[in-house]
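A.B. asks: Take a look at the following structure, please.
The values are calculated or read from the model by the stated rules, or taken from the named source; none is laboratory data. Since the structure is predicted, the reported quantities are computational estimates derived from the model, not experimental observations. Reconstructed Cβ throughout: ideal geometry from the backbone, glycine too, with neighbour counts over all protein chains shown. For the accessible areas, the whole protein counts, side chains as well, though only heavy atoms, and no ligand, DNA or RNA atoms are used. Shrake-Rupley method; radii C 1.70, N 1.55, O 1.52, S 1.80 Å.
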Amino acid sequence: RIAIITEVFVAVLLYLFLVNAFNFIDGIDGLAGVFVLLVTSVCGWWLLKVGDDFYASLAIVLSGSILGFLPFNWGRAKVYLGDSGILVSALIICLLCSRMIQINSLLGGDHPFKVSHPYLLILGLVFFPTFDAIRVIGNRIVRKKSPIKGDKSHLHYEFLFRLQSPPKVVLLIVTMSIATFGFFVLAQDRWSEFYLIFLAAVFWLFIILWVSWRLPLRKKMQSEIN
């Protein structure tokens, strides 16, 4: 009984963290919508391949809804996800990820879509919001600020202040996310999970530092981040 209570408690904490991490990335036009579309498309495809029609349909419905929403949220946005939209989307993604892990554990070892490191690949899907949330919360704690108080220290804002174009920021972050997920897929059986996560974090930090070096902030923009 204690083990079950512990598992439920940890699962709830992870759900709350991931849902809030998704809420963190809803700051510029198109970013949250494109990222939700990307994640749900992958989840829906895998669930469809393993025969879980109900959860696959849930993922496809959310993907279709976001796809219809994106044209009005791109460029000069006319419609926004808002807190309710992103939080509901994030909760559904959490359910899809949990279901993928559950179904994967039931698949036979010879199943063509059996994943050897499901937690690693799930992290690969949501690496961006997870990385950004840990980075921002850690930065706020170091600066003795409230971890839950909003500011513009998020990764997408730092990129936006430098690139000056929301579509460019979305393209950069989505490309980095796809590269991270692809790296986890290709290298999951070659190195340990910790080493792969470490390399992914180094990759993201390198891109951040490179963009910061190439496009330094003006003092006014730096004050907005701080």
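A.B. asks: Compare VAL50, VAL8 by solvent-accessible area with a 1.4 Å probe and give them largest first, with all protein chains kept in place. Present the calculation step by step, with values, prior to reporting the outcome.
C.D. replies: On the way: VAL50 30, VAL8 85 Å².
Ranked list, largest accessible area first: VAL8, VAL50.
A.B. asks: If you rank PHE127, PHE9 by how much accessible surface each has, with a 1.4 Å probe, what is the order from largest down? Intermediate values should be presented prior to the final figure.
C.D. replies: Values: PHE127 10, PHE9 125 Å².
Order by accessible area, largest first: PHE9, PHE127.
A.B. asks: Could you tell me what percent of the accessible area of the range 115-160 is made up of carbon and sulfur, with a 1.4 Å probe and every protein chain present?
C.D. replies: C and S fraction of accessible area: 67 percent.
A.B. asks: Between PHE9 and PHE54, what is the spin-label point distance in nm, taking each point 7 Å from the Cα along the Cα→C-beta axis?
C.D. replies: 3.0 nm
A.B. asks: Describe numerically, in nm with one decimal, the distance between label points set 7 Å from Cα along Cα→Cβ at THR175 and at LYS149.
C.D. replies: Computed distance between label sites THR175 and LYS149 equals 3.6 nm.
A.B. asks: While we're on this one: Modelled label-to-label distance, TRP213 and LEU199, 7 Å Cα→beta-carbon offset: nm?
C.D. replies: 2.1 nm
A.B. asks: Another one. Apply the Karplus parameterisation 6.51 cos²θ - 1.76 cosθ + 1.60, with θ equal to phi minus 60°, to every residue of the range 10-19 and state each ³J(HN,Hα) to the nearest whole Hz, in sequence, with x for glycine and proline.
C.D. replies: 5, 4, 5, 4, 5, 4, 4, 5, 5, 4
A.B. asks: Counting each DSSP H run of 4 or more residues in the chain as -39500 (n - 2.57), what helix-only mean residue ellipticity at 222 nm follows after dividing by all residues, to the nearest 500 deg cm²/dmol?
C.D. replies: My calculation for the chain gives -25000 deg cm²/dmol from helical runs alone.
A.B. asks: Per residue of the range 34-44, in order, report the coupling 6.51 cos²θ - 1.76 cosθ + 1.60 (Karplus, θ = phi - 60°) as ³J(HN,Hα) in whole Hz, putting x for Gly and Pro.
C.D. replies: Once rounded to whole Hz, the list reads 5, 5, 4, 4, 4, 5, 5, 5, 5, 4, x.
A.B. asks: By how many degrees, 0 to 90 and rounded to 10, does the Cα axis of helix 166-187 deviate from the longest principal axis of the chain?
C.D. replies: Taking the Cα atoms of the chain, the angle to 166-187 is about 40 degrees.
A.B. asks: Taking 0.36 nm per residue of separation and subtracting the Cα-Cα distance, what length does fully extending VAL142 through TRP45 add?
C.D. replies: That works out to 30.9 nm of additional length.
A.B. asks: Also: Give the calculated FRET efficiency between SER165 and LEU91 to the nearest 0.05, with a Förster radius of 41 Å applied to their Cβ-Cβ distance.
C.D. replies: 0.85
A.B. asks: May I ask you to evaluate 6.51 cos²θ - 1.76 cosθ + 1.60, the Karplus curve with θ = phi - 60°, for each residue of the range 48-55 and list the ³J(HN,Hα) values in order in whole Hz, giving x for glycine and proline?
C.D. replies: Values per residue, Gly and Pro as x: 5, 5, 8, x, 8, 5, 5, 5 Hz.
A.B. asks: Send over a whole-number figure in Å² for the accessible area per residue of the chain, probe 1.4 Å.
C.D. replies: Value returned for the chain: 57 Å² of accessible area per residue.
A.B. asks: Placing unit charges on C-beta atoms (Lys and Arg positive, Asp and Glu negative, everything else neutral), compute the dipole magnitude of the range 1-88 about its Cα centre in debye, rounded to 20. Don't skip to the answer; put the middle values down first.
C.D. replies: Working: 4 positive and 6 negative charges, 19 e Å.
Result for the range 1-88 is approximately 100 debye, rounded to the nearest 20.
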